[in-house]
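> One structure, pasted below without further comment.
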Amino acid sequence: MEVFSLIKSSLAPEDTNPIHRLYRVGHQVGACGQEMVWRIHDAESIEEEKGASVFLFNKKIANKLHKPRRRELVCEILRHDVTLLKKMSNASVLSVCSSLQEDRDSLAFATEPVTGSLANVLEKFDRLSETANTTCGFMDHEVQCGIYQITEALMYVHGVERIIHRNVNPASILLTQSGRWKLACFGFAEKTQDGRESFSCKAWSPKTSKMAQPDLNYIAPEIQTTEVCTYVSDMFSFGMLICTIYNDGCSLIDAQYNPGAYLKQLDTLTQKFGDIAPAMPPALVDPVEKMINRDIRYRPTAQLFSLLKMFHDPTVTTLQQLDNLHLKSPTDKSHVFTAITQNIPLLPKAIRCSRLLPSLHQECTSRDSVVSALPPLLSLIQHSSSEEFTEYVFPEVTFVFNCSKPEQGTIYLLNKIDVITSKCTANQVRSEVIPFILKHVKSESYRIQEAALNALLVVKDCLDDAFLRTTVLPCAKEQFLQTSDVKIQLIILSCIKHLMSIMNPFTLRDDVLPFLVDIAHTHDASIVMAVVGIYRHLLNKRDCVLTKGFLARSGMPSLLPHAVDPNVSADQFSVMMDVLYDMLGLIDQHRRSNGTSAASVTPKRERLAHSGGDKNLLFVGNSSPTGIQKSRTAPNSPELSKLKERETLTVTNKEPLRRFSLVPPGGGTPAINLTPDDGVYMDRNRRPSLQNMGQYNHDADRSERKSSTGSLFNFSDSRHTSSRRGSFQALGDTVMQLFSGK
């Protein structure tokens, strides 16, 4: 009991160690090393304010638990551990941030942030405080990826550093916050000399402190029997480690610090392996069986073991790439994310949520790498279920919305709004997506504004009229008035036009129409034509909100000045006139549908028709309900010739028109080629004379002119009247000359 009290008291942080001047040391998260002598604490660098882990060793532990042995032996092993670690430079070996700090009572050093050792995860809680936070259990792909990472570490240690670790076991493997497995605890490692691949070493002995010897349960048989250590001795220890993982954290050999028990259990090792082999992936069974063979000739090297096909599975490859992200350049990260995006549909849900998302979150905090992290994030959204999206993915989406991004990243997100909203609820769209869009509608970048306005149309089904009236329309109109870029103004008008389908008629009447009238006074032809397009869209709607009062007092007056604008092209003018005629027709229809006295008798109306820059004017009768009909015929076309011929024959054959012609009625004079000219038909090659004048009935002419004044669109009658006045004035002058004898 006294021993446990001493252990508990020794677990308190040692404030006297110089490491506390460099790091803010927090609570304990794990332990590692032989007999778990290193206590692992969360920490933060005081100077750089970066996360780290601090490893502390209290020398009192060696004093109290091993009185016959000098504590200096254990301290020397731990110093050797830190010295070798600091020289290593490999992604699969624990990275040291601060060199060893020592005082009278403790040793300490700092590393990259870790969450504990593999032994902690496998429920080996030796020397752990009650508050230590550990997680037990791995997913299959995580185990396979971790095994491959330790294989890489051994390849580096054996092939590059020419070092034999001698103590590969769960307590020598550290887990980073990203889930990467890293090899550590090099206190018993030795470097080979003169190119040799083996050296002599001492077997495990009960006469030496357990802290000063490797773990007996993982020692290779040749070390214990012949005191010879080779590179494949580490492979035996590694094979035993793999068996421990698939044996619920229990080693196949449990010698209880007894070399005799070790040798006895070594004889039954093959049988015990057969019991746990079904729990392993089939691809691992044969290689691991060879790794734990007593004959070193059958054991594969780390390089040969790394060639297993299971290590190149898409999921394992993805995990491997994620663990190395922090070591890659922005260009390399882009290639990695491209490969990850292709593998996302193959990843298990747990891998996507627990490993991929945290890595993407970390990359999105950097403005340089956020663009390359967006494609896998969007792919993750696309392949996630509704529950997975709501619980795990959507918080990351909101984080990305609010983080700093370059223009390219913002445009990419806005262009992919449809992918995001396909998984969002209506409330999520209103609370996060739409504010993100509206914020960028006010951007200074034309490309971002264009993408934001297009994105707004994507989410229009999630907008109600109240939100449109109070939020969207004010934002769009404000941006229209603030910007001087015609392109942006046109995009805003196009956006408003597309949003009209979900607007309430009152919103259209009170918010949109007055806005259109105000901006129609601009001198830019393209803006005016955009407004004309919106009017045409409204005129084509069945539930039209355009009243005769608005059209007469605001709509048409705002457009009419542009009919004489020289900047308006012929095609634009044609479209504008079409809309103005439609507005007139709508006014006429409104008046006649209100039960006026003229509604019962609707005279036959005629309408001016034009075709682009065509100067030929046709007057075509119309019997449509609105009294308006357009006739578009290309100049000099066959249709126009036929139409003129029919008009000529009609005028020639009709009896009333004889009063306006110089051709005698029913006479024997040969037919004269008549040409329509503003309503007057005469032979231009003949001089008018008194003999060929027909009868002229002034009363009938006045009667006909009087009846023609009741037609609103009968431009033809008025033109006939004006032409007749000029013709008869000329005839009168001729008659006076004859009577005077001139």
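> Being buried (at least 18 other Cβ atoms within 10 Å of the Cβ), in contact with a His (Cβ under 9 Å, 6 or more places away or on another chain), modelled with pLDDT of 95 or more and closer than 24 Å to R166 by Cβ: is that true of F55 here?
Working: buried (at least 18 other Cβ atoms within 10 Å of the Cβ): yes; in contact with a His (Cβ under 9 Å, 6 or more places away or on another chain): yes; modelled with pLDDT of 95 or more: yes; closer than 24 Å to R166 by Cβ: yes.
Taking the combined requirement at face value, the residue satisfies it.
> For the range 413-442, name all the residues that are surrounded by 19 or more Cβ atoms within 10 Å (Cβ to Cβ) and either among the hydroxyl-bearing types (S, T, Y) or in contact with a Lys or Arg (Cβ under 9 Å, 6 or more places away or on another chain) (or both).
L413, T421
> Enumerate the pairs (first residue in the range 453-480 and without any contact (Cβ under 8 Å) to a residue 60 or more places away in the chain; second residue anywhere and aromatic (F, W, Y) and buried (at least 20 other Cβ atoms within 10 Å of the Cβ)) with beta-carbon separation below 9 Å, excluding pairs fewer than 6 apart on the same chain, so at least 6 apart or on different chains.
A455/F436
To keep it simple, each residue is scored yes or no on (1) crowded, with 19+ Cβ neighbours inside 10 Å; (2) modelled with pLDDT of 85 or more.
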residue: D295; (1), (2): no, yes
residue: L327; (1), (2): no, no
residue: I344; (1), (2): yes, yes
residue: H383; (1), (2): no, yes
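> For the range 164-203, which fully contained strands (runs of 3 or more DSSP E) count at least 2 residues that are in the same structural domain as T115 (by TED's automatic domain parsing), hydroxyl-bearing (S, T, Y) and surrounded by fewer than 18 Cβ atoms within 10 Å (Cβ to Cβ)?
Working: elements: 173-176, 181-183, 198-200.
Correct list: 198-200.
> Somewhere in the range 237-258, is a residue closer than 25 Å to C75 by Cβ and assigned to a helix (DSSP H, G or I)?
Residues of the range 237-258 closer than 25 Å to C75 by Cβ: 237, 257.
Next cut, assigned to a helix (DSSP H, G or I) only: 237.
Scanning the range 237-258, I find at least one residue that is closer than 25 Å to C75 by Cβ and assigned to a helix (DSSP H, G or I), so the answer is yes.
> Okay, moving on. Determine if the range 332-346 includes at least one residue that is outside any helix (DSSP H, G or I) and either more than 15 Å from the chain's Cα centre (by Cα) or within 28 Å of V429 (Cβ to Cβ) (or both).
Going residue by residue through the range 332-346, those that are outside any helix (DSSP H, G or I) are none.
Looking for residues that are outside any helix (DSSP H, G or I) and either more than 15 Å from the chain's Cα centre (by Cα) or within 28 Å of V429 (Cβ to Cβ) (or both), one finds none in the range 332-346, hence no.
> Can you tell me how many residues in the range 220-236 are modelled with pLDDT of 95 or more and in a loop (DSSP other than H, G, I, E, B)?
Matching residues across the range 220-236 total 1.
> Ok, one more. Which residue is surrounded by the fewest Cβ atoms within 10 Å (Cβ to Cβ), if the candidates are limited to the range 445-476 and must be over 19 Å from K405 (Cβ atoms) and of a type in the set (S, T, Y)?
Once the filter is applied, the top-ranked residue is T470.
> Continuing with the same structure: Any residue that is surrounded by 14 or more Cβ atoms within 10 Å (Cβ to Cβ) and among the basic types (K, R) - is there at least one of those in the range 398-412?
Yes, the range 398-412 contains a residue that is surrounded by 14 or more Cβ atoms within 10 Å (Cβ to Cβ) and among the basic types (K, R).
> Next question. Hey, among V74, V96, V29, which residue is in the same structural domain as P170 (by TED's automatic domain parsing) and either surrounded by fewer than 20 Cβ atoms within 10 Å (Cβ to Cβ) or under 23 Å from L327 (Cβ atoms) (or both)?
Details: V74 fails: either surrounded by fewer than 20 Cβ atoms within 10 Å (Cβ to Cβ) or under 23 Å from L327 (Cβ atoms) (or both); V29 fails: either surrounded by fewer than 20 Cβ atoms within 10 Å (Cβ to Cβ) or under 23 Å from L327 (Cβ atoms) (or both).
The conditions single out V96.
> Next up: Of the numbered conditions (1) in contact (Cβ under 8 Å) with a residue 60 or more places away in the chain; (2) in contact with a Cys (Cβ under 9 Å, 6 or more places away or on another chain), D234 satisfies every one except a single condition; which is it?
Answer for D234: the failing condition is (2).
> So is W204 under 19 Å from P113 (Cα atoms) and either among the aromatic types (F, W, Y) or at pLDDT below 90 (or both) or not?
No.
> If I filter the range 346-361 for residues that are in contact (Cβ under 8 Å) with a residue 40 or more places away in the chain, in contact with an Asp or Glu (Cβ under 9 Å, 6 or more places away or on another chain), at negative phi and among the aliphatic types (A, V, I, L, M), do I get at least one hit?
Yes, the range 346-361 contains at least one residue that is in contact (Cβ under 8 Å) with a residue 40 or more places away in the chain, in contact with an Asp or Glu (Cβ under 9 Å, 6 or more places away or on another chain), at negative phi and among the aliphatic types (A, V, I, L, M).
> Of all residues being of a type in the set (D, E) and assigned to a helix (DSSP H, G or I) in the range 136-163, which is modelled with the highest pLDDT? Just the residue, please.
The initial filter retains those residues of the range 136-163 that are of a type in the set (D, E), namely 140, 142, 152, 161.
With the extra rule that they be assigned to a helix (DSSP H, G or I), the set shrinks to 140, 142, 152.
Working: D140: 84, E142: 86, E152: 94.
Step by step, filter the range 136-163, then rank; the result is E152.
> Any idea which of V74, V82 is β-branched (V, I, T) and at pLDDT 90 or above?
Only one candidate qualifies: V82.
> Go through (1) modelled with pLDDT of 85 or more; (2) not in a helix (DSSP H, G or I) and name the single condition S379 misses.
(2) is the only condition that S379 fails.
> Before we move on, is H41 surrounded by 15 or more Cβ atoms within 10 Å (Cβ to Cβ), in the same structural domain as M211 (by TED's automatic domain parsing), farther than 27 Å from I163 by Cα and modelled with pLDDT of 95 or more? Break it down into steps so the answer makes sense when it comes.
Values: surrounded by 15 or more Cβ atoms within 10 Å (Cβ to Cβ): yes; in the same structural domain as M211 (by TED's automatic domain parsing): yes; farther than 27 Å from I163 by Cα: yes; modelled with pLDDT of 95 or more: yes.
Here the answer is yes, as H41 does meet what is asked.
> Applying the selection to the range 77-94, what residues are under 40 Å from the mean Cα position of the chain (by Cα) and without any contact (Cβ under 8 Å) to a residue 60 or more places away in the chain?
S89
The values are calculated or read from the model by the stated rules, or taken from the named source; none is laboratory data. Predicted, not measured: the structure shown is a model, and the values here were computed from it. Ideal geometry is used to build each Cβ from the backbone, glycine not excepted, and the neighbour counts take in all protein chains shown.
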